[in-house]
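Just below is one structure, and these are the notes that go with it.
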Amino acid sequence: MSRVRDAGVRDAGGRRGNAPGASVGGDVIEGVWLSQPDAVGAWLDVLMGLVRLGSAEKRAIRDELDSHLRDRVRDLMLTGLHESNATREAIAELGDAAELAARYARASKSPARRRIAMNLGLFGMAGAALVTSLMALSGGGDPSHPEISVYAAPGQQRQAVPIGRVSVTGKPLEEVLRGVAQSAGKRLSVEWNSLAPLGLEPVTEVTLDVADGDLAQVFGAINAGTVRGEVASGIDHGGVMDYRIADGVLRVASAHVFDMEERVLVTIDLSAAQLRGVAEDEIHSLVTTFIEPDGWVDNGGEIAVMSIVGTKMFVKAPPRVIEGVRWIVRECGIDSSAITPSAESQQSAVRDGAPGR
Amino acid sequence: MLGRSGQRDDMELVVLSLLAEAPKYGYAITKELAAKSDGRVRLTPGVLYPMLKELEASGLIQGTWDEVKSEEEQPGEGRKRKWYRVTAKGKKRLAQRLAAHRAFRALVDALVGPETGEVTR
């Protein structure tokens, strides 16, 4: 699309709509004459400021809407509209930016996701015990879980470190974390770049009162009070602050950072499930629907990827996701007459400790 | 008369149907829908794109990015375009929705008659 020399009509005040500049559809924003591509870009800037999603999702939304607007402006110009008017109309068709941002937020939090969030909560509570059991699988596999063999050992994991009472009011997050690390007897390392998308900065004010707490409780309290509402409840594991301890250092970053670092590659034998008549694509669908759907590469995520070849399912994902996958596979294959008694007894033993049950 | 959720389900059915024919990008969906309905049905982009995002998050459709190649844009300046296709899960959902839609239409036809569409009192 060519750039426009005649910018066209001035938008009164340069602003309209619920949010500042949200419905700008003209050629002047904040009193500056803009070419049409810049008008589109400025409007998209406003929208991106209103969308409360991760940076990768926002980038994708921006690219898609930018492409749409360019197509639409081109077609409107073919009907005889001047580019300035075509741009204005194309942007107007998208509606109010604040409403559009809200629709995207709802779309990212579908009913299915809310149900999943409940399951994730249960998975999360199963937490340490499940992770510990999975860690035992690293390096050579676990004879009690023959359906899974672990390719790579996961990295460091959360440790419960008692730090006594923590009570602060309106203190900067950086200062709070320093105090927490000191109480735990650790040096502190914070990856602020990973926390910025969560709205967490060194100066973010923190108010909390945790009596006789450990690190996990304190971090949970900080997340609940500071991270944006929809992710604080654990709906999105990548959307909270987390920590690990290694070599005397308390390392703080987004959970997404640790998820990516701790991914393990496993293979899961689907023979039992397939003998029971459960197709591979059904298992794929179950897993990517119920186990952290936004995390799967197939769904546009990053932390988990799966491929099924014959009777083998290859999964690379964080340990808690692997545990959820294993639970689904087990639920598909258990109680089948095709499973030999020994396998059934092994799987039953595992199921008793499965998450969410 | 359908409520808001009914209208939304109908639009989901329509979008899945269009994508089941062939992969499409968002703007192409709006144009094809307008063309096929002679302009009577118009899915605004402000509704369509969040819906596509939700369908993708639900695993019913899958999006892939492609670079737009046009004469007006220089190499390296190309914009990206997201193409959507229906997944296996989406095809199942579409079949379910179509079956439910046809069953409902048959019921209405049985009640009011398929030809006139007038309600008898």
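Values for this structure:
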item: 1.4 Å probe, heavy atoms, protein only - residues of region A:67-97 losing at least 50 Å² accessible area vs chain alone; result: A:Ser67, A:His68, A:Arg70, A:Asp71, A:Glu93
item: Residues listed by number, region A:174-217, amide nitrogen under 17 Å from A:Ala224 label point at 7 Å toward C-beta; result: A:206-217
item: Buried accessible area, chains A and B (both chains, 1.4 Å probe, Å² to nearest 100); result: 2600 Å²
item: Spin-label model distance (nm) - A:Ala246 vs A:Asp214, 7 Å beyond Cα toward Cβ; result: 2.0 nm
item: Cβ-derived FRET efficiency at R0 35 Å, A:Glu302 paired with B:Arg40, nearest 0.05; result: 0.25
item: In nm, spacing of pseudo-spin labels at B:Glu21 and A:Ala92 (7 Å Cα→C-beta vector); result: 2.9 nm
item: Accessible surface ranking that places the most exposed of B:Glu67, A:Glu83 first, with a 1.4 angstrom probe; result: B:Glu67, A:Glu83
item: Region A:241-310 - accessible surface per residue (Å², probe 1.4 Å); result: 36 Å²
item: Occluded residues from region B:8-50, i.e. those whose accessible area drops by 30 Å² or more once the chain is not alone (1.4 Å probe); result: B:Tyr27, B:Arg42, B:Pro45, B:Gly46, B:Tyr49, B:Pro50
item: Virtual spin-label span in nm between A:Glu201 and B:Val108, 7 Å along Cα→Cβ; result: 5.3 nm
item: Sites A:Thr79 and B:Lys69, calculated FRET efficiency, Cβ-Cβ separation with R0 22 Å, nearest 0.05; result: 0.35
item: Among the listed pairs B:Lys31/B:Lys80; A:Lys58/A:Lys186; A:Lys58/B:Lys24, those beyond 27 Å (Cα-Cα); result: A:Lys58/A:Lys186
item: Region B:4-112 - Debye-derived log10 I(q)/I(0), Cα point model, q = 0.15, 0.16, 0.21 Å⁻¹; result: -0.70, -0.78, -1.18
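The values are calculated or read from the model by the stated rules, or taken from the named source; none is laboratory data. Since the structure is predicted, the reported quantities are computational estimates derived from the model, not experimental observations. Heads up, the Cβs are rebuilt from the backbone with ideal geometry, glycines too, and the neighbour counts pull from every protein chain shown. In case anyone asks, the SASA skips ligands and DNA or RNA and just uses the protein heavy atoms, side chains included. Shrake-Rupley method; radii C 1.70, N 1.55, O 1.52, S 1.80 Å.
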